[in-house]
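Engineer: Supplied in structure tokens, the structure appears directly below.
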Amino acid sequence: MCYRVYVKDENRMIVNKQEFLPLFITNVGILKQNPHYEENLYTIIPYSNSLIPMRSTELRDKYNKTIFESDIIKVAGNDNRLAIGTVIMNDAGYWAMLTKDSVFEIPLFEYMDETFRRDKKFSRIEVIGNVYQNSDMVNSLENGV
């Protein structure tokens, strides 16, 4: 499983494959492989309120960008109407999109089409940000903009 971690204090995202350093999420903290290790192969980043781990959905948007938990996505529905929402793992255990006016989550598999079956990416989904680095987008979603 691929992860990324948002570091609140630094307003930056550490991606699993960034600098070719794998991240492992454990009950102790986040293990980041140390590229210059002499004694320790991994650096332990203890959990705190400033670290927010996010799982990869292992799915890709129309530009071949990996879709992560907490990403903000723009989706063209079957009727060509656009919807914008946040990627979540719902209680039933599948990836879904939650829009500001959703009474329930919309499963991402609802947007599978021939392109997905052929290229393993969604042709109607585009990642446009994430809830941590694009709070202005989230606020505008909540205010109905």
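Engineer: Checking ASN49 against (1) modelled with pLDDT of 75 or more; (2) surrounded by fewer than 13 Cβ atoms within 10 Å (Cβ to Cβ); (3) within 22 Å of SER135 (Cβ to Cβ), which test does it fail?
Structural biologist: Of everything listed in (1) modelled with pLDDT of 75 or more; (2) surrounded by fewer than 13 Cβ atoms within 10 Å (Cβ to Cβ); (3) within 22 Å of SER135 (Cβ to Cβ), ASN49 misses just condition (1).
Engineer: A follow-up question, please. Report, by residue number, each residue of the stretch 106-132 that is under 17 Å from GLU69 (Cα atoms) and part of a loop (DSSP other than H, G, I, E, B).
Structural biologist: Across the stretch 106-132, the qualifying residues are LYS121, PHE122, VAL131, TYR132.
Engineer: Out of the stretch 70-101, which residues are out of contact with any helix residue (DSSP H, G or I) (no Cβ under 6 Å at 6 or more places or on another chain), under 20 Å from LYS8 (Cβ atoms) and either aromatic (Phe, Trp, Tyr) or touching a residue at least 24 places away in the same chain (Cβ under 8 Å) (or both)?
Structural biologist: If the condition is that a residue be out of contact with any helix residue (DSSP H, G or I) (no Cβ under 6 Å at 6 or more places or on another chain), under 20 Å from LYS8 (Cβ atoms) and either aromatic (Phe, Trp, Tyr) or touching a residue at least 24 places away in the same chain (Cβ under 8 Å) (or both), then SER70, ASP71, THR86, VAL87 are the ones that fit.
Engineer: All but one of (1) of a type in the set (Val, Ile, Thr); (2) crowded, with 17+ Cβ neighbours inside 10 Å; (3) out of contact with any helix residue (DSSP H, G or I) (no Cβ under 8 Å at 6 or more places or on another chain) hold for ILE44; which doesn't?
Structural biologist: (2)
Engineer: Of these, PRO22, PRO35, which one is touching a strand residue (DSSP E or B) at 6+ places or on another chain (Cβ under 8 Å), more than 17 Å from GLY129 (Cβ to Cβ) and at pLDDT below 75? Write out each step before concluding.
Structural biologist: Working: PRO35 fails: touching a strand residue (DSSP E or B) at 6+ places or on another chain (Cβ under 8 Å).
Among PRO22, PRO35, only PRO22 is touching a strand residue (DSSP E or B) at 6+ places or on another chain (Cβ under 8 Å), more than 17 Å from GLY129 (Cβ to Cβ) and at pLDDT below 75.
Engineer: At pLDDT below 85 and assigned to a strand (DSSP E or B): is that true of THR57 in this structure?
Structural biologist: no
Engineer: For the stretch 68-97, how many residues meet the condition of being of a type in the set (A, V, I, L, M), over 12 Å from the mean Cα position of the chain (by Cα) and surrounded by 14 or more Cβ atoms within 10 Å (Cβ to Cβ)? It would help to see each step written out before you state the result.
Structural biologist: Going through the stretch 68-97, the residues of a type in the set (A, V, I, L, M) turn out to be 72-73, 75-76, 82-84, 87-89, 92, 96-97.
From what's left, over 12 Å from the mean Cα position of the chain (by Cα): 75-76, 82-84, 92.
Okay, now just the ones that are also surrounded by 14 or more Cβ atoms within 10 Å (Cβ to Cβ), so 75-76, 83-84.
Summing the residues that are of a type in the set (A, V, I, L, M), over 12 Å from the mean Cα position of the chain (by Cα) and surrounded by 14 or more Cβ atoms within 10 Å (Cβ to Cβ) in the stretch 68-97 gives 4.
Engineer: Return the pairs, sorted by first residue and then second, in which the second residue is acidic (Asp, Glu), the first residue lies in the stretch 56-69 and is within 15 Å of ARG118 (Cα to Cα), the beta carbons are less than 8 Å apart, and the residues are 6+ apart or on different chains.
Structural biologist: Short answer, once both residue conditions are applied: ASP61/GLU126; LYS62/GLU126; TYR63/GLU126.
Engineer: Another question, if that's okay. Please state which of the following conditions ILE128 fails to meet, knowing it meets all the rest: (1) modelled with pLDDT under 80; (2) under 21 Å from ASN80 (Cα atoms).
Structural biologist: (1)
Engineer: Looking at LYS120, LYS100, LYS74 in this structure, which one is within 22 Å of ARG4 (Cα to Cα), among the charged types (D, E, K, R) and modelled with pLDDT under 80? Quick ask: steps written out before the conclusion?
Structural biologist: Working: LYS100 fails: within 22 Å of ARG4 (Cα to Cα); LYS74 fails: modelled with pLDDT under 80.
Result of the check over LYS120, LYS100, LYS74: LYS120.
The values are calculated or read from the model by the stated rules, or taken from the named source; none is laboratory data. What you see is a predicted model; the values in this text were computed from it and never measured. All Cβ positions, even for glycine, are placed from backbone atoms using ideal geometry, and neighbour counts span all protein chains on display.
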